[in-house]
Amino acid sequence: MCIRDSVRAPHRFGNALAQSGSFWWPNGPDAEWLTHAIATTEAARLPVRFHLSAGEQEWVLLPANRRLRDALQAHGHDIHYREFN
């Protein structure tokens, strides 16, 4: 199960967990496609609880995790986010 499945089929998933998610991948025009899809959707808040965590030293993926967190929060989603050293 992944975050994408929770967004596409919220009636099937009540929780989504991502630890050190590679939300930046791939490089190029499709980079961070999930974050962009959430940020630009007009859909109502999903009935899914999101739990995201990332390491403070994971320099490639940490900014993308923060942007996904911000997009989810901006749309009022139930999100728990934590960074670890």
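Laboratory data are not the source of any read-out in this text; all were calculated from the coordinates shown. Not measured: the values here are computed from a predicted model. Reconstructed Cβ throughout: ideal geometry from the backbone, glycine too, with neighbour counts over all protein chains shown.
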Checklist outcome for this item: Per DSSP loop assignment and a cutoff of at most 14 other beta carbons within 10 Å, the chain keeps its longest run without exposed trypsin sites (Lys or Arg not before Pro) at 46-85
Checklist entry - What's the angle, to the nearest 10 degrees (0 to 90), between helix 62-74's Cα axis and the longest principal axis of the chain? => result 20
Item to check | Contour excess over end-to-end distance, with Cα ends at residue 45 and residue 85 and 0.36 nm allotted per residue | outcome: 11.3 nm
Item to check | Relative contact order (%) - criterion: Cα under 8 Å, at least six apart; region: the chain | outcome: 32
Item to check | Rounded FRET efficiency, nearest 0.05, which uses the C-beta distance separating residue 78 from residue 57 and R0 of 41 Å | outcome: 0.90
Checklist entry - Not counting the cut sites, what is the longest span of the chain without GluC sites (Glu not before Pro) that DSSP labels loop and that have at most 10 other Cβ atoms within 10 Å? => result 1-41
Checklist outcome for this item: Note to self, the chain gives a 222 nm [θ] from helices alone (DSSP H runs n ≥ 4, -39500 (n - 2.57) apiece, / all residues, nearest 500) of -9000 deg cm²/dmol
Checklist entry - For the chain, what ratio Rg/Rh do Cα atoms give with a Kirkwood hydrodynamic radius? => result 0.94
Checklist entry - Taking the chain as a Gaussian network, Cα atoms linked when under 10 Å apart, which of 29, 63, 47 shows the biggest mean-square fluctuation? => result 29
Checklist outcome for this item: Candidate cut points under chymotrypsin sites (Phe, Trp or Tyr not before Pro) in the stretch 1-66, DSSP loop plus at most 15 other Cβ atoms within 10 Å of their own Cβ, are 59
